[in-house]
1. Per the Debye formula with a single identical scatterer at each Cα and no solvent contribution, what log10 I(q)/I(0) holds for the stretch 69-189 at q = 0.13, 0.17 Å⁻¹?
2. Which of rounded, prolate, oblate describes the stretch 258-415, given a ≥ b ≥ c as roots of the alpha-carbon gyration tensor eigenvalues and a/c under 1.5 marking rounded, otherwise prolate only if a/b is larger than b/c?
3. If you wrap the stretch 203-254's Cα atoms in a convex hull and average its projection over all directions, what's the area in nm²?
4. Suppose R0 equals 35 Å; then what is the FRET efficiency for ILE345 and ASP172 from their Cβ-Cβ distance, rounded to the nearest 0.05?
5. Quick one: which residues, 5 or more positions from ALA268 or on another chain, have an amide H under 5 Å from its amide H? H modelled 1.01 Å from N in the peptide plane, none for Pro or chain starts.
6. Could you please state how large a percent of the accessible area of the stretch 332-460 is carbon and sulfur, counting protein chains only and using a 1.4 Å probe?
7. Given contacts defined as C-alpha pairs under 8 Å and at least six residues apart, what's the relative contact order of the chain, whole-number percent?
8. Which whole-number percentage describes the relative contact order of the stretch 341-474, with Cα contacts under 8 Å and a sequence gap of 6 or more?
Amino acid sequence: MGDMPADDFRRFGREVVDWIADYFERIEELPVLSQMEPGGLKNDLPDSPPETGEDFSDVLADVDRLILPAVTHWNHPNFHGLFSTSTSAVGIFGEMLAAAFDMKAMLWRTSPASTELEDVTLDWLRQMMGLPKHFEGIIYDTASVSTMHAIAAARELAHWSIRDDGMSGRTDLPLMCVYASEHVHSSIDKSLITLGLGLGSLRKINVNEQFEMIPERLAEAIEEDLEAGRIPICVIPTIGTTSTTSVDPVNAIADVCEKFGIWMHVDAAYSGPAAIVPEKRELFNGWERADSIVVNPHKWLFTPFDLSVLYCRDLKVLKQAFSLVPEYLKTSDVSTVKNGMDYGIQLGRRFRSLKLWFVIRYFGRDGIVARLTEHMRLARLFASWVEASENWEMLAPVPFALACFRAIPKHARDLDEVNERLMDRINASGEAYLSHTKLDGKFTLRLSVGSIRVEERHLVKIWELLNETLAEMG
Ligand code: PLP
């Protein structure tokens with residue numbers, strides 16, 4: 001009975017850490033995208049669970065035999081698709097210890113370490129990003145969930161008693177509206193589905209030729225809704241949009257929000273850590289005027305998935321929207337203690353701040369700035385190669401560490417088809433991973449630089465691969 005004996009735990013623990021160290025050392029030998037066909041892993045696994053316990057050595061051997069071929073290696077330095085994100089070694093230690101403590105941070109009493117470390121670590125991050133002191137943070141799993149809570153708080157502040165009376169079956173409640181640019185992340189649409197506001201409440205505001213929201217169009221849309229008796233509740237500018245990392249003009253948008261008294265939620269899920277880099281701080285001008293901001297250390301701060309932070313100007317609004325304490329969770333703790341469960345839909349919460357604390361302490365502000373600065377240099381270097389070549393063109397500016405570009409070979413008839421085929425061939429090769437978007441109707445390749453392991457030679461490799469593949473395609 002009981003758990004694995006301590007000696008076995010030590011032995012297997014060392015084996016697992018060795019395995020991870022070897023994995024990082026040989027990661028470049030592995031194909032970036034799993035080469036497995038759909039269903040491949042399922043077909044190799046037994047249909048039913050074992051009746052008796054198995055030797056853990058056999059289980060670990062199956063990680064090599066079965067699991068590894070089915071892994072797409074997000075930590076590979078040539079993973080350039082979507083946003084390139086990766087874990088650090090200390091981030092892994094944070095996950096290990098959090099799993100060992102296995103606390104469910106709902107009440108301060110059940111998890112003082114998690115509750116207080118979260119406050120301190122998020123305040124360190126706030127200071128590094130140059131946000132004013134009144135911003136207080138709370139950790140959720142993903143930006144999708146952080147943003148959903150921000151919109152729920154904005155809805156609460158609109159004073160239509162949604163918490164008590166809900167939205168369905170009401171004839172007194174006009175349509176509530178949320179505003180974001182055409183380039184907003186789909187998580188906002190999903191938040192509106194989840195919150196019962198509906199997709200019809202989302203106003204997608206036009207962007208300029210740099211893919212930035214046009215504030216005049218925003219003001220017009222709000223005025224139109226107000227005239228029609230609708231209720232604007234939230235505006236969501238993005239600093240670092242998903243397709244191109246464009247930066248909405250947050251100051252001008254904040255002026256509009258202040259004029260009409262609307263909650264401003266800034267989506268800096270990807271870019272937020274870049275605010276730690278002094279030369280990049282001006283791209284964040286105006287975000288200090290927000291009511292809430294989302295930043296994802298699991299994207300570009302070497303923290304293993306998942307860890308998203310929602311900063312609020314006044315966290316009490318979130319509490320007002322979500323706090324609900326049943327008898328069995330009442331405590332005699334002083335009323336000033338913070339109980340994480342009061343700030344969202346989750347009761348138990350993981351001890352996520354530990355890994356971020358490790359990351360910040362291990363790398364320090366300087367180490368973080370050095371790494372992010374290098375990623376941005378590499379993305380600009382890649383862009384300079386594209387600009388200097390007659391076979392390629394850039395399709396968007398590079399404010400952070402993402403290049404949007406495409407091939408423009410001379411005699412090609414259908415550039416979209418050529419670029420899609422090029423991307424598919426590179427991805428199938430296992431050498432690198434690129435993803436795409438559509439900009440002004442054009443199929444656009446996206447190359448993101450963000451891995452903690454990335455070096456200039458990896459950019460040279462993908463540039464050569466792109467050119468060789470294009471040449472092979474004729
Ligand atoms: N916001 C932006 C700008 C993003 O780029 C993304 C994901 O790439 C998200 C939100 C959603 O992030 P998450 O996966 O943490 O929900």
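The values are calculated or read from the model by the stated rules, or taken from the named source; none is laboratory data. Every value quoted in this text rests on a predicted model; they were computed, and no experiment measured them. A quick note on method: Cβ atoms are made from the backbone with ideal geometry, for glycine too, and the neighbour counts reach across all protein chains shown. For accessibility, only protein heavy atoms count, side chains too; no ligands or nucleic acids. Shrake-Rupley method; radii C 1.70, N 1.55, O 1.52, S 1.80 Å.
1. -0.89, -1.23
2. On the way: a/c = 2.61, a/b = 2.13, b/c = 1.23.
Prolate.
3. On the way: hull surface 14.3 nm².
Taking the Cα atoms of the stretch 203-254, their convex hull projects to 3.6 nm² on average.
4. Values: r = 26 Å, r/R0 = 0.74.
Between ILE345 and ASP172 the formula returns 0.85.
5. Placed amide hydrogens put ILE239, VAL294 under 5 Å from ALA268.
6. Details: 2830 of 5750 Å².
Answer for the stretch 332-460 is 49 percent, counting heavy atoms of protein chains only.
7. Values: 805 pairs, mean separation 104.6, N = 474.
This gives 22 percent for the chain.
8. Working: 137 pairs, mean separation 27.0, N = 134.
That works out to 20 percent.
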